[in-house]
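S.K.: Can you read through this structure? Questions will come right after.
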Amino acid sequence: MTKIVVLPGDGIGPEVAGEAVACLKMVSEFRGLGFDFESHDFGGVAIDRHGEPLPEATLAACRGAVAILMGAVGGPRWDKAAVRPEAGLLGLRQALGLFANLRPARVIKGLESFSPLKTELAAGADVLVVRELTGGLYFGEKKEGDDSASDLCTYTRGEIERIAHVAFAAARARRAKVTSVDKANVLATSRLWRRTVEAVAARYPDVALDHLYVDAAAMALVTGPARFDVILTENLFGDILSDELSVISGSIGLLGSSSRGADGPGLYEPIHGSAPDIAGQDVANPAGAIASAAMLLDDLGLSDEASGLTESLEQVLLDGCRTRDLGGKAGCREFGARVRQALADRLGKAPAEALESNRDCHE
Ligand code: NAD
Ligand code: IPM
Ligand code: MN
């Protein structure tokens with residue numbers, strides 16, 4: 001059996017993860033892959049049940065899995081908790097050494113109108129954000145007093161080198177261009193970042209490199225997203241720019257991501273949060289979670305199945321089935337079921353139950 005750990009989490013996390021798991025189940029049943037799904041408490045729900053966001057049993061299960069599929073964590077209920085749900089996510093990324101976070105965003109041909117940008121600006125945008133995930137401000141020493149607080153930003157050359165290699169290797173399989181985003185006019189860590197990225201670039205003479213300051217990059221993304229291929233950047237900048245980029249492609253609900261380390265299981269999650277404002281209403285867009293499931297399949301070497309799922313997702317959107325964030329009326333379950341119908345056509349004949357949502361993992 002191939003164990004896949006599911007971490008539904010909080011808010012809309014269980015809703016969107018349920019649809020993605022149902023897609024993976026369908027692929028497994030059609031192809032006889034023997035995926036075995038195991039759901040674990042994580043985030044706010046784990047605080048409620050076990051007093052901590054990343055219980056030992058959840059971490060142990062993750063370590064023993066071939067891949068981890070996550071929904072989202074967090075919510076106002078836990079904002080004042082001693083340890084927040086988000087700390088569980090940071091702890092999981094750190095414990096598994098998941099330093100490379102890949103967030104692809106694309107304006108799908110024919111769906112340019114999803115973008116708030118003018119069609120001629122949005123058309124053709126196809127960007128991969130390679131975000132460093134286990135360093136920088138997120139993981140530096142923190143001090144929090146009543147009258148002052150600080151977060152230390154540190155990066156080592158080794159941390160920058162390994163994420164730069166990921167970006168250059170990814171660019172080779174795309175349009176061979178890396179834009180490194182930093183704030184080297186102000187930050188020492190950014191100057192080390194820029195020097196190190198330039199040194200790594202020398203080993204990829206076939207890949208073009210340019211640099212942008214993060215403020216200019218934020219602007220360039222809305223004035224001409226099609227100029228970018230791979231964006232390589234540190235933890236916090238990658239977090240912010242990927243939310244911006246998601247909306248350029250239509251909605252934060254569309255983007256999936258993968259997080260990988262040197263070895264061990266990858267973590268696959270939509271880039272959005274738990275969206276407490278729409279949780280429990282069956283209106284969340286599960287596309288980002290489903291796109292993450294496709295990235296999971298790809299990383300397991302199932303590239304045909306991965307592209308089958310991605311194509312199904314895009315087909316359903318092109319056919320006009322859209323959730324509320326994209327101006328449509330489809331529910332989360334309905335959208336997921338439509339994707340699985342399209343997937344069944346691509347994979348062969350569907351076992352009837354494979355079309356259903358997979359909500360038992362969190363109910
Ligand atoms: P959010 O991404 O949850 O929501 C931002 C806005 O986007 C909201 O209006 C929401 O309704 C909408 N949205 C998000 N995902 C959507 C989807 N799939 N379909 C339709 N609309 C969607 O960000 P937030 O409100 O800043 O954060 C809420 C909580 O989620 C916080 O506790 C935050 O820390 C947490 N968070 C978790 C993750 C994660 O688990 N990876 C990521 C981001 C934020
Ligand atoms: C994300 C989220 C997380 C991050 C939070 C919830 C810790 O915003 O995955 O993009 O900042 O990395
Ligand atoms: Mn984020």
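The values are calculated or read from the model by the stated rules, or taken from the named source; none is laboratory data. Every value quoted in this text rests on a predicted model; they were computed, and no experiment measured them. Note: ideal-geometry Cβ built from the backbone for every residue, glycine included; neighbour counts use all protein chains shown. Protein only, heavy atoms only, side chains kept; ligands, DNA and RNA dropped before computing areas. Shrake-Rupley method; radii C 1.70, N 1.55, O 1.52, S 1.80 Å.
S.K.: Sort through Asp243, Asp277, Asp229 and tell me the only one that's of a type in the set (Asp, Glu) and within 14 Å of ligand 3 (Cβ to nearest atom).
M.R.: Testing whether each residue is of a type in the set (Asp, Glu) and within 14 Å of ligand 3 (Cβ to nearest atom) leaves just Asp243.
S.K.: Considering each of Ser251, Ser246 in turn, give the residue that is within 14 Å of ligand 2 (Cβ to nearest atom), of a type in the set (Ser, Thr, Tyr), modelled with pLDDT of 95 or more and not assigned by TED's automatic domain parsing to the domain that holds Leu313. Lay out the reasoning, then the answer.
M.R.: On the way: Ser251 fails: within 14 Å of ligand 2 (Cβ to nearest atom).
Selected residue: Ser246, the only one of Ser251, Ser246 that is within 14 Å of ligand 2 (Cβ to nearest atom), of a type in the set (Ser, Thr, Tyr), modelled with pLDDT of 95 or more and not assigned by TED's automatic domain parsing to the domain that holds Leu313.
S.K.: Quick one: which of Pro286, Pro270, Pro276, Pro205 is within 22 Å of Ala17 (Cα to Cα), open to solvent by 20 Å² or more (accessible area, probe 1.4 Å) and modelled with pLDDT of 95 or more?
M.R.: Result of the check over Pro286, Pro270, Pro276, Pro205: Pro276.
S.K.: Working carefully through the options Leu232, Leu192, Leu187, find the one that is under 23 Å from Gln94 (Cα atoms), open to solvent by 20 Å² or more (accessible area, probe 1.4 Å) and out of contact with any Pro (no Cβ under 7 Å at 6 or more places or on another chain). Show your work before the answer.
M.R.: On the way: Leu232 fails: open to solvent by 20 Å² or more (accessible area, probe 1.4 Å); Leu187 fails: under 23 Å from Gln94 (Cα atoms).
Just one listed residue meets the conditions, Leu192.
S.K.: Among what's in segment 240-267 and is open to solvent by less than 10 Å² (accessible area, probe 1.4 Å) and not polar (S, T, N, Q), pick the residue that is nearest to Gly110 (Cα to Cα).
M.R.: Among them, the one singled out is Ile248.
S.K.: Given Glu52, Glu19, which one is over 21 Å from the mean Cα position of the chain (by Cα) and at pLDDT 95 or above?
M.R.: Values: Glu19 fails: over 21 Å from the mean Cα position of the chain (by Cα).
So the residue among Glu52, Glu19 that is over 21 Å from the mean Cα position of the chain (by Cα) and at pLDDT 95 or above is Glu52.
S.K.: Continuing with this model, one more query. Of Leu128, Leu89, Leu98, Leu102, which residue is part of a helix (DSSP H, G or I) and either in the same structural domain as Met219 (by TED's automatic domain parsing) or open to solvent by less than 50 Å² (accessible area, probe 1.4 Å) (or both)? Give the derivation first.
M.R.: Numbers: Leu128 fails: part of a helix (DSSP H, G or I); Leu98 fails: part of a helix (DSSP H, G or I); Leu102 fails: part of a helix (DSSP H, G or I).
Selected residue: Leu89, the only one of Leu128, Leu89, Leu98, Leu102 that is part of a helix (DSSP H, G or I) and either in the same structural domain as Met219 (by TED's automatic domain parsing) or open to solvent by less than 50 Å² (accessible area, probe 1.4 Å) (or both).
S.K.: For segment 46-77: of the residues being over 23 Å from Asn101 (Cβ atoms) and touching a residue at least 24 places away in the same chain (Cβ under 8 Å), which is nearest to ligand 1 (Cβ to nearest atom)?
M.R.: Pro76
S.K.: State all residues of segment 164-184 that are under 20 Å from Leu152 (Cα atoms) and either of a type outside the set (D, E, K, R) or open to solvent by less than 10 Å² (accessible area, probe 1.4 Å) (or both); if no residue qualifies, say none.
M.R.: Those that are under 20 Å from Leu152 (Cα atoms) and either of a type outside the set (D, E, K, R) or open to solvent by less than 10 Å² (accessible area, probe 1.4 Å) (or both): Val181, Asp182, Ala184.
S.K.: Here's another thing I want to ask about it. Under 7 Å between Cβ atoms, at least 6 apart or on separate chains: pull out the pairs that start in segment 254-273 with a residue that is of a type in the set (D, E, K, R) and end on any residue that is within 10 Å of ligand 1 (Cβ to nearest atom).
M.R.: That search, which allows pairs on different chains as well, returns Glu269/Met70; Glu269/Ser257.
S.K.: Taking segment 27-37 on its own, how many of its residues are surrounded by 16 or more Cβ atoms within 10 Å (Cβ to Cβ) and of a type in the set (Asp, Glu)?
M.R.: Within segment 27-37, residues that are surrounded by 16 or more Cβ atoms within 10 Å (Cβ to Cβ) and of a type in the set (Asp, Glu) number 1.
S.K.: Of everything in segment 308-345 that's within 21 Å of the chain's Cα centre (by Cα) and among the acidic types (Asp, Glu), which residue is least open to solvent (accessible area, probe 1.4 Å)?
M.R.: Checking each candidate, the answer is Glu314.
S.K.: On to the next question. One residue is enough: does segment 43-56 have a residue meeting the conditions under 18 Å from Leu347 (Cβ atoms) and open to solvent by 10 Å² or more (accessible area, probe 1.4 Å)?
M.R.: No; the residues of segment 43-56 include none that is under 18 Å from Leu347 (Cβ atoms) and open to solvent by 10 Å² or more (accessible area, probe 1.4 Å).
S.K.: Being within 16 Å of ligand 2 (Cβ to nearest atom) and not in a helix (DSSP H, G or I) is the filter here, so list the residues in segment 218-243 that pass it.
M.R.: Ile231, Thr233, Glu234
S.K.: Yes or no: segment 62-78 includes at least one residue that is farther than 25 Å from Ala294 by Cβ, outside the structural domain of Ala167 (by TED's automatic domain parsing), open to solvent by less than 30 Å² (accessible area, probe 1.4 Å) and among the aliphatic types (A, V, I, L, M).
M.R.: The answer is no, given that none of the residues of segment 62-78 is farther than 25 Å from Ala294 by Cβ, outside the structural domain of Ala167 (by TED's automatic domain parsing), open to solvent by less than 30 Å² (accessible area, probe 1.4 Å) and among the aliphatic types (A, V, I, L, M).
S.K.: Please find, within segment 199-246, the residue that is farthest from the chain's Cα centre (by Cα) out of those that are polar (S, T, N, Q) and closer than 19 Å to Ala123 by Cα. Let's see the steps before the verdict.
M.R.: Within segment 199-246, the first condition is being polar (S, T, N, Q), and the residues that meet it are 223, 233, 235, 242, 246.
Subset that is closer than 19 Å to Ala123 by Cα: 223, 242, 246.
On the way: Thr223: 24, Ser242: 9, Ser246: 11 Å.
Residue satisfying both the conditions and the ranking: Thr223.
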